[in-house]
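The values are calculated or read from the model by the stated rules, or taken from the named source; none is laboratory data. Just so we're clear, the structure is a prediction, and the values are computed from it rather than from any experiment. Neighbour counts run over all protein chains shown; Cβ positions are idealised from the backbone, glycine included.
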């Protein structure tokens, strides 16, 4: 997704009647859709899903980083058991 420009869209995946949907992956499947208006809507849905997945993954990583920071802070405050013995 990072290298995309505003010109990218369903037009970057022109219809090809010789292709079968099950032989394509990802956005290349748009090449199997003859109805270009439908292909444009599917493109928007796919892009939105990708963006939402990336945002969710980033949120999960941020939460895990905060948890690890908190855990390390708690561990550094705990007294050393060897020093107590």
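If you check residue 42 against the conditions, is it touching a helix residue (DSSP H, G or I) at 6+ places or on another chain (Cβ under 7 Å) and not in a helix (DSSP H, G or I)?
no
Of all residues in region 20-33, count the ones that are over 15 Å from residue 9 (Cα atoms) and in a loop (DSSP other than H, G, I, E, B).
Result for region 20-33: 3.
With the condition kept exactly as written, say whether any residue in region 4-15 is modelled with pLDDT of 90 or more and surrounded by 13 or more Cβ atoms within 10 Å (Cβ to Cβ).
Looking for residues that are modelled with pLDDT of 90 or more and surrounded by 13 or more Cβ atoms within 10 Å (Cβ to Cβ), one finds at least one in region 4-15, hence yes.
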